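> The structure's right below; bear with me while I get my questions together.
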Amino acid sequence: MRAEIIAVGTELLMGQIVNTNAQYLSRELAALGIGVYWHTVVGDNAERIAEAIRTARSRADLVVTTGGLGPTRDDLTKEVMARVLGRELKVYPPALEKIEAHFRARGQEMPESNRRQALIMEGSTPLPNDVGHAVGEALEEGGALFVLLPGPPRELQPMFEKYAKPWLAKMNPDLPIYSKMLKFSGIGESLLEQRLLDLIDTQTDPTIAPYAKEGEVAVRLSTRAATYAEAERKWAAVERTIRERVGEFLYAEEDIPIEAAVVRLLTTRNETLAVAESCSGGLLAHLVTNVPGSSRVFIGGIVCYDKAVKRDWLHVPDELLRIDGPGEVSEQTALRLAENTRSRFRTDWALSVTGVAGPAELEGKPPGLVYVGVAGPDGSRAFEEKWTGNRETIKWRAAKAALYRLWRCLR
């Protein structure tokens, strides 16, 4: 089954909001065995919406629209869809009752325009909105399926999960697509792809899809199967080969960031972590504390951006920090920062990051040169990293590199 997602809203075309709904729906539809072949974005204009629907209807088995179900005059999706499909609109009483009850509870009279949110096409299956007011709907017309969803993600996602997904599963004759994610760190996308190139070039079933995020690389294995157990059997040989070639960089078999894997390992080992950050500016601590449960293992950190903070708070000697010595950006300083942070915070582990984020040189050293220090129960080590990119990219890569180095020590 081929699907097209039509996102309705001029605010999307103007770049005022990001179309996160398309990402969510593509992932969820794939899990149902429905391939998304097209993403279309169209503004709040009746004729252009109609043209988008007619085009999608001519080439897709499933058309999913998002947005345009609200109460205002520019919320046109239902009216235009009804006109294109030749269906009458009627009030869905439970939706109208919910909207009226909302206004009664606030002591207000319901504006007549809000009745629009309770309209559905004749013969369609209503998709209740448990979070908001605009009812969605699903229907079959001329051999194609149509699903209309609200625009706000907090309304769209529960509606799809609870109501649209079961309807689609019943209507879709294809086997579902199962996927397994393998996550890697410490290796770039191009090098990983090079090591797996023969597998990628000759893939049939399962499919192999590598893609990169900042400081991480993922490989997704996918196949159609009746059950997940059957899917596992189908991709077992390919997964085994991937592990043989790049297994040393594999930190997870699910789509989690490297910081989540580190927190998980620290929790299992009942150990603690503190950080000292210069060029990463607190990003490392931010990534770690984004992980639920990190409070059990993360004690704290210090952003030692200025030389005086390195010297006065973390007791890095002047002879190390001087420009005629190793300097702030050096293996020696990274080691001392990690060791003294571990001592000061009384943790099992400490990480340090010091480097040149750019765009200018520092101490005559180029942007992208970073040193990561790791101090733990068995001693301390420092690692030199060389990155390219803008200031933000280097900060992200430095923080991810520090987490990767700690992960290797913990695993």
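> What whole-number distance in Å separates the alpha-carbon centres of the stretch 386-411 and the stretch 300-346?
After rounding, the separation between the Cα centres reads 19 Å.
> Which value, in debye to the nearest 20, describes the size of the charge dipole of the stretch 2-171 about its Cα centre when Lys and Arg Cβ atoms bear +1, Asp and Glu Cβ atoms bear -1, and nothing else is charged?
About 240 debye.
> With +1 on each Lys and Arg Cβ and -1 on each Asp and Glu Cβ, how big is the dipole of the stretch 258-410 about its Cα centre, in debye rounded to the nearest 20?
Result for the stretch 258-410 is approximately 480 debye, rounded to the nearest 20.
> Separate question: What is the sum of charges around Pro128, taking Lys and Arg as +1, Asp and Glu as -1, for the other residues whose C-beta is under 9 Å from the C-beta of Pro128?
Local charge sum for Pro128: +1.
> While we're on this one: With unit charges on the beta carbon (Lys/Arg positive, Asp/Glu negative), name the residue among Thr388, Ile120, Met181 whose Cα is farthest towards the positive pole of the charge dipole of the chain.
Going by the charge dipole, the pick is Met181.
> Could you order the peptides 121-131, 253-263 from most to least packed, using the average number of other C-beta atoms within 10 Å per residue?
253-263, 121-131
> Follow-up question, since we're still on this one. Quick check: net charge around Thr268, other residues with Cβ under 12 Å of its Cβ, Lys/Arg +1 and Asp/Glu -1?
Net charge around Thr268: +3.
> In Å and whole numbers, how far do the C-alpha atoms of the chain stretch along each principal axis, longest first?
So the three principal-axis extents are 81, 57, 40 Å.
> If you don't mind, another one. Please state the charge dipole magnitude for the chain, taken about the Cα centre, from unit charges on C-beta atoms (+1 on K and R, -1 on D and E), reported in debye and rounded to the nearest 20.
Computed about the Cα centre, the dipole is about 600 debye.
> Sequence neighbours fewer than 8 away in the same chain don't count; with that in mind, list the lysines whose C-alpha is under 26 Å from Lys310.
Reachable lysines: Lys365, Lys386, Lys395, Lys400.
> For the chain, what does -39500 (n - 2.57) per DSSP helix run (n ≥ 4), summed and divided by total residues, give at 222 nm, in deg cm²/dmol to the nearest 500?
So the calculated ellipticity at 222 nm is -11500 deg cm²/dmol.
> What's the long-distance tail for the stretch 295-339, i.e. % of Cα pairs beyond 11 Å?
Of all Cα-Cα distances in the stretch 295-339, 65 percent exceed 11 Å.
> Separate question: When Lys395, Lys170 are ordered from fewest to most other Cβ atoms inside 10 Å of their Cβ, what list results?
Lys170, Lys395
> Are there GluC sites (Glu not before Pro) in the stretch 1-107 that DSSP marks as loop and that have at most 14 other Cβ atoms within 10 Å, and which are they?
Glu88
> Could you go through the stretch 67-83 in sequence order and give the Karplus-derived ³J(HN,Hα) for each residue, using 6.51 cos²θ - 1.76 cosθ + 1.60 with θ = phi - 60°, rounded to whole Hz, and x for Gly and Pro?
x, x, 10, x, x, 8, 5, 8, 8, 10, 4, 5, 5, 5, 4, 4, 5
> If you average 1/r over all unlike Cα pairs in the stretch 48-159 and invert the result, what Kirkwood radius do you get in angstrom?
14.3
> I've got another one for you. Could you pull out every one of the aspartates and glutamates with an alpha carbon less than 14 Å from that of Lys183, ignoring same-chain neighbours closer than 8 positions?
Cα-Cα hits under 14 Å: Glu193, Glu214, Glu216, Glu239, Glu248, Glu253, Glu254, Asp255, Glu259.
> Report, please, the projected area of the stretch 178-252 averaged over directions, based on the convex hull of its C-alpha atoms, in nm².
One quarter of the hull surface, i.e. the mean projection, equals 4.6 nm².
> Can you give me the distance in nm between label points at Thr207 and Glu244, each placed 7 Å from the Cα along the Cα-to-Cβ direction?
If labels sit at Thr207 and Glu244, their model points lie 2.6 nm apart.
> So, one more: For the stretch 182-252, state which GluC sites (Glu not before Pro) are in a DSSP loop and have at most 13 other beta carbons lying within 10 Å of their beta carbon.
Here the GluC sites (Glu not before Pro) that fit, given the DSSP loop and packing criteria, are Glu214.
> Share of antiparallel DSSP beta bridges in the stretch 254-411, in percent to the nearest 5?
60
> Among Gly143, Val64, Phe103, pick out the residue whose Cα is farthest towards the positive end of the charge dipole of the chain, where Lys and Arg carry +1 and Asp and Glu carry -1 on C-beta, about the Cα centre.
Phe103
> Continuing with the same structure: Using just the C-alpha positions of the stretch 258-410 as equal point scatterers, what log10 of I(q)/I(0) does the Debye formula give at each q in 0.18 1/Å?
-0.97
> Give me the percent of DSSP beta bridges within the chain that run antiparallel, rounded to the nearest 5.
60
> Here is a further query. Along the charge dipole of the chain, which of Ala375, Ile200, Asn172 sits closest to the positive end, that is, farthest toward it, with unit charges on the beta carbon of Lys, Arg, Asp and Glu (+1, +1, -1, -1)?
Toward the positive end, the furthest listed residue is Ala375.
Each value in this text was obtained by applying a stated rule to the coordinates, not by laboratory testing. Just so it is clear, the structure is predicted and the values come from calculations on it, not from any experiment. When we count neighbours, we look across all protein chains shown, and the Cβ atoms used for this are built from the backbone with ideal geometry, even at glycine.
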